[in-house]
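Just below is one structure, and these are the notes that go with it.
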Amino acid sequence: MPQRRSHVAPSAAQTELAAALAALRESLDAPADFPAAVIAEAEATKAATPELDLRDIPFATLDPLGSRDLDQAFHLERDGSGYAVRYAIADVPGFVAPGGEVDAEAQRRGQTLYAADGTIPLHPKVLSEDRASLLPDVDRSALVWTFALDSSGVVTDFRLERALIRSRAQLDYASAQAALDRGEGGPAALLPEIGGLRIEQEKIRGGASLNLPDEEVTRAADGSYAIERRHPLPVEEWNAQLSLMTGMAAASLMLGAGIGILRTMPQPDEKSFDAFRHQTEALGRPWTTGRYGDYLRQLDRADPMTLPVLEAAATLFRGAGYVTFDGAAPSDAEQAAIAAPYAHATAPLRRLVDRWSLEICLAVSEGREVPGWVRESLPELPALMQSSGQRASRLDSATINCVEAALLTPLVGGTVEATVIEIRGERATVQIADPAVTASAPVPAGTVPGGRVSLRVVSTDIARGEIEFAI
């Protein structure tokens, strides 16, 4: 899908939108500021200097442009016929004291929230964007995973160590992709090769990726809000494979030790598969043979029917949650879309659960007992993460709804052209290309997914994030 950028220009609608977004933040009990005691503890804490010194390894980070909360850094090199991959994770366990003020506040928040008017961080910025962040050209304590991969991208060995590192480059997705497209070298030169092999391994396992376009609300320097839609760049997908590989390694360590927390998702049942097959047939892109992951991978992004197919496939990617265990391994250990046991262990600056995963994995790797506080608090994590996930979901959806209503406010009384994505009864999910809006609307009888409809914009309510259409 081509990138779309629609914005709410300075106007009464923008003023109303700003008030709506501020009210939304207040309704979620998600303050950006931290209590004084939390800030004081964060400013006073320091991570111990690790004995292992890996500052001679030229690590690099790869994130959205302008990011400061840098959780991961990588180093890729050939090793005989295979590869050596080092993946360093911010040493949040080294900075956050169990039972302290920062820990308590992080448990209340659960994860970093990304609002249209700024982030609501999990940890104070002195940690998340400074001392614990893997920023370039500064020494940092990190938890470093070292992987040995064979020529086909299979992990043959791995280990986890706490080490002192120094990132040499802060890359962003667009610039890194452009450099790779030009055939330039640099820290990410092997990423297409290794990432591509790991994608092939995902296919072999039977994994599946949904890869719906990103929909993000942004704010420009003039204060105007915009919605951007785009597919992830290839470099983002290759980079994600490093994180997935690490999450699978973390899961295997915890399963072997008989204690941990996994990110799980059930395999879709036959009823869901049958419904999806019928939808692909209705869209003229039938899934007839092979695994659903293979079918989704072969879809052409330039095909206007691809988005309706992906929206229909979203029903197959439901039911994700967290499972804790201390003793026998859980019977439902697998994350179906990854087709392997998996754990969140690569974003501790932005997600609470990763700190527990890393604490357990490091203890297992060092041959020592898992800390008592980890064992005691482990059962509470799924509920904490579910609550924060629901808060993040409400923030995302309500923010987009408010911005979409503001985008269409100048068009009230006029008509817009839309593509039908999904039909449910007499209403459908439709996508308007310009302005970039996805909404629910009535459609004429006989309309099919992928069809085009003309809709009249009857009214908008920015505060509620509601749009009323008529045929």
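Each peptide in 266-274, 65-73 gets a packing score, the mean of other Cβ atoms within 10 Å over its residues, and the list from highest to lowest is 65-73, 266-274. Could you tell me the calculated FRET efficiency between V448 and Q390, based on Cβ-Cβ distance and R0 = 25 angstrom, to the nearest 0.05? In this case the efficiency is close to 0.15. Rounded to the nearest 10 degrees, the inclination of helix 234-257 to the longest alpha-carbon principal axis of the chain is 50 degrees. Based on Cα contacts under 8 Å between residues 6+ apart, the range 327-471 shows a relative contact order of 18 percent. Helix 353-365 and the longest principal axis of the Cα set of the chain meet at an angle near 30°.
Note that the range 460-471 has calculated 3J(HN,Hα) couplings of 9, 10, 5, 4, 8, x, 10, 10, 10, 10, 9, 6 Hz, one per residue in order, obtained from phi through the Karplus relation 6.51 cos²θ - 1.76 cosθ + 1.60 (θ = phi - 60°); glycine and proline are x.
Computed in the context of the full set of protein chains, the accessible area of the chain at 1.4 Å probe radius has 50% of its extent on carbon or sulfur. Of the trypsin sites (Lys or Arg not before Pro) in the range 223-266, not one is in a loop by DSSP (not H, G, I, E or B) with at most 12 other beta carbons within 10 Å. Helix 270-282 and the longest principal axis of the C-alpha atoms of the chain enclose an angle of approximately 50°. Only Cα pairs under 8 Å and 6+ residues apart enter the sum, and on that basis the relative contact order of the range 27-126 stands at 31 percent. Taking only the alpha carbons of the chain, we obtain Rg and Dmax values of 23.2, 70 Å in that order.
How large is the accessible surface per residue of the chain, computed with a 1.4 Å probe and reported in Å² as a whole number? Present the calculation step by step, with values, prior to reporting the outcome.
Working: 20290 Å² over 471 residues.
For the chain, the solvent-accessible area averages 43 Å² per residue.
The GluC sites (Glu not before Pro) of the range 293-375 meeting both criteria, a DSSP state outside H, G, I, E and B (loop) and at most 12 other C-beta atoms within 10 angstrom of the site's C-beta, are E366, E369. Of the trypsin sites (Lys or Arg not before Pro) in the range 299-398, the ones in a loop by DSSP (not H, G, I, E or B) with at most 12 other beta carbons within 10 Å are R301, R318, R368. Here the range 315-332 and the range 349-411 have alpha carbon centers that stand 15 Å from each other.
Dimensions of the range 229-311 based on its C-alpha atoms, expressed as ranges along the principal axes with the largest first, amount to 48, 33, 22 Å. The separation of the range 437-466 from the range 91-157, counted between C-alpha centres, amounts to 41 Å. The relative contact order of the chain, computed from alpha carbon pairs under 8 Å that lie at least 6 residues apart in sequence, is 19 percent.
The values are calculated or read from the model by the stated rules, or taken from the named source; none is laboratory data. Here the structure is a predicted model, which means the values were calculated and not measured. As a convention, Cβ positions derive from the backbone with ideal geometry for all residues, glycine included, and neighbour counts pool all protein chains shown. All accessible areas refer to the heavy atoms of the entire protein, side chains included, with ligands and DNA or RNA removed. Shrake-Rupley method; radii C 1.70, N 1.55, O 1.52, S 1.80 Å.
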